[in-house]
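Each value in this text was obtained by applying a stated rule to the coordinates, not by laboratory testing. If you're wondering where the values come from, they're calculated on a predicted model, not measured in any experiment. All Cβ positions, glycine included, derive from the backbone under ideal geometry; neighbour counts span all protein chains shown.
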Amino acid sequence: MSERLVIIGGGQAAFACAAKLRALNDMRPVTIVSREDAYPYQRPPLSKKYLLGEMSLDRLMFRPVEWYAENAIDVLTGVSAVSLDRSRKRVALSDSQVLDYGNLVFATGSTPRSLPDALTQGLAGIFTIRSFADADRLRPHMEAGKRLLVVGGGYIGLEAASVARHLGLEVTVIEAADRILARVASTATADLFRDIHRAHGVELLEGVGLAALTGEAGKVKGAELSDGRHLDVDLVIAGIGAYAEDGLARAAGIACGSGVTVDECGRTSDPDIYAMGDCAELEWKGRRIRLESVQNAVDQAENVALNLTGAHEAYRPKPWFWSDQYDVKLQIAGFNAGYDETIARPGAREGASSVWYFAGGELIAVDAINDAKAYVVGKKLLDSGRTAHLRDSVANLETDIKSLI
Ligand SMILES: Cc1cc2nc3c(=O)[nH]c(=O)nc-3n(C[C@H](O)[C@H](O)[C@H](O)COP(=O)(O)OP(=O)(O)OC[C@H]3O[C@@H](n4cnc5c(N)ncnc54)[C@H](O)[C@@H]3O)c2cc1C
């Protein structure tokens, strides 16, 4: 019987799991299988400083290549796991290797949704951003004066718009829903970011979809919008969400919902197989959700590592997230699903503010905009579970929020 741990995927969660296992002095053989041509690296800068050209690939890496050899962690790059034989506990790779495993972990992440083929028609100049290779392909097109259409007003689309303005492109963002950030943030937060983008010269259109793209010589040239408008465009970035990379698990008969279904210990319906990070669907306050964030990838991966060593420790997510746009830092503590009330508060400094989310009178999340104090207070309250009876104090703008802790 093999003792080997095979981690499929070589991103944030894969690195965190392998590193934690070694920190726990667990020296079983570990193989990370990564279909990208790189050792594990962080993705958030891909739509921020890396896209801007202010960060190198080396600086994205969690550890230098030698670290993996020093810690006896095999990393196979440029290789995909293609099928799983659970009865023989074997995984087949795209280079024809077959790996035996004792335990296996899915850390396969998520894949950006692409615009439908009927719209893109194979035209060049249409991009998504998930990997450093995607960002490398996109960057040479981000030239001053070019006309960029961003489809989707979520965090990645808005961050790309901000980088593009910084580089001098003309930018239009279209969002099919009635407002930007509709899936992830309150109206108050969306209003603020709409104003910020417009102040930086972005044309931001809400309730407007993409009807057609037109091309010339195989390259995108124009966009027809659902409101009848026509735009001349040189490039398009689609930021329209992502789906879990769970195809391999599904094909192997492992239970999946919106991603690979895991229990509170990160275990899938096969007790020898775990899943973590973006690809995993977990339970959160009675809902089954996926959390696409660095916090979740790291914390869930470390929990899986602990459970691989024989513990039976439940993972209780303490979500946090951030987004950088222009000189604005948004920090989010908590997870706002199911909120029924928001309270906006100005911060102490100019340009600082926060939005506090409540469900049934209980604090569930805080968006802090250039407001580190609100973030720290919100995070402390949420982490400590002291979330009841805060509403009136938060609503009273005379309250110094520090006094809440
Ligand atoms: C542009 C961008 C900006 C972001 N910004 C933020 C941010 O500001 N804050 C934040 O908290 N989060 C941010 N995120 C999200 C965060 O990066 C992810 O939640 C995190 O990377 C998830 O880690 P993961 O290990 O689950 O997946 P990933 O890091 O995506 O790693 C999965 C890896 O598995 C590989 N893989 C998939 N299938 C196979 C297979 N069959 N065989 C081999 N390899 C396979 C994939 O190619 C990929 O390399 C951002 C993401 C992106 C793309």
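In this Cβ point-charge picture (+1 for Lys and Arg, -1 for Asp and Glu), the chain has a dipole of about 380 debye about its Cα centre. Residues in the stretch 155-198 near a label at residue 362, defined as backbone nitrogen under 18 Å from the 7 Å Cα→Cβ point? Zone members listed by number: none at all.
Using the Karplus relation 6.51 cos²θ - 1.76 cosθ + 1.60 with θ = phi - 60°, the per-residue 3J(HN,Hα) values for the stretch 303-310 come to 5, 4, 4, 4, 5, 5, 7, x Hz, with x marking Gly and Pro.
Coupling constants for the stretch 350-360 follow from the phi torsions by the Karplus curve (6.51 cos²θ - 1.76 cosθ + 1.60, θ = phi - 60°), and in residue order they are 5, x, 9, 7, 8, 10, 10, 9, 10, 10, x Hz; glycine and proline get x. Rounded to the nearest 500, the 222 nm mean residue ellipticity of the chain from helices alone is -6500 deg cm²/dmol, with -39,500 (n - 2.57) taken per DSSP H run of at least 4 residues. Computed from phi, the 3J(HN,Hα) profile of the stretch 174-186 under the Karplus parametrisation 6.51, -1.76, 1.60 (θ = phi - 60°) reads 10, 10, 6, 5, 6, 7, 5, 6, 4, 6, 10, 8, 6 Hz, with x in place of Gly and Pro. Label point of residue 341 set 7 angstrom out along Cα-Cβ; within the stretch 351-376, amide nitrogens under 19 Å from it belong to 354-367. Looking at the stretch 114-238 alone, DSSP beta bridges between its own residues are antiparallel in about 35 percent of cases.
Annotation: amide H-H contacts under 5 Å for residue 113 (H modelled 1.01 Å from N, sequence separation of 5 or more, or interchain): 240, 241, 242, 243. Given +1 at the Cβ of Lys and Arg, -1 at the Cβ of Asp and Glu and no other charges, the dipole of the stretch 326-398 around its Cα centre is 240 debye to the nearest 20. Fewest-first ordering of 274, 39 by other beta carbons within 10 Å of each residue's beta carbon gives 39, 274. Around the amide H of residue 204, modelled in the peptide plane, lie the amide H atoms of 173, all under 5 Å away and 5 or more residues distant in sequence or on another chain. Taking other Cβ atoms within 10 Å as a rough exposure proxy, 80, 269 sort from fewest to most as 269, 80.
Of all beta bridges that DSSP places with both ends in the chain, some 60 percent have antiparallel geometry.
Within the stretch 341-394, the GluC sites (Glu not before Pro) that combine a DSSP coil assignment with at most 12 other C-beta atoms in a 10 angstrom radius are 350. Summarising the label geometry, the points placed 7 Å from Cα in the beta-carbon direction at residue 349 and residue 94 lie 4.5 nm from one another.
Between amide H atoms placed 1.01 Å from N, distances below 5 Å from residue 28 occur with no residue 5 or more places distant or on a separate chain. Residues 31, 77, arranged from fewest to most other Cβ atoms within 10 angstrom of their Cβ, appear as 77, 31. Rounded to the nearest 20, the Cβ-based charge dipole of the stretch 1-103 about its Cα centre (Lys and Arg +1, Asp and Glu -1) stands at 380 debye. For the chain, the number of Lys pairs separated by eight or more positions or lying on different chains, with C-alpha atoms closer than 25 Å, is 29. Between residue 65 and residue 250, the contour length at 0.36 nm per residue exceeds the Cα-Cα span by 63.4 nm.
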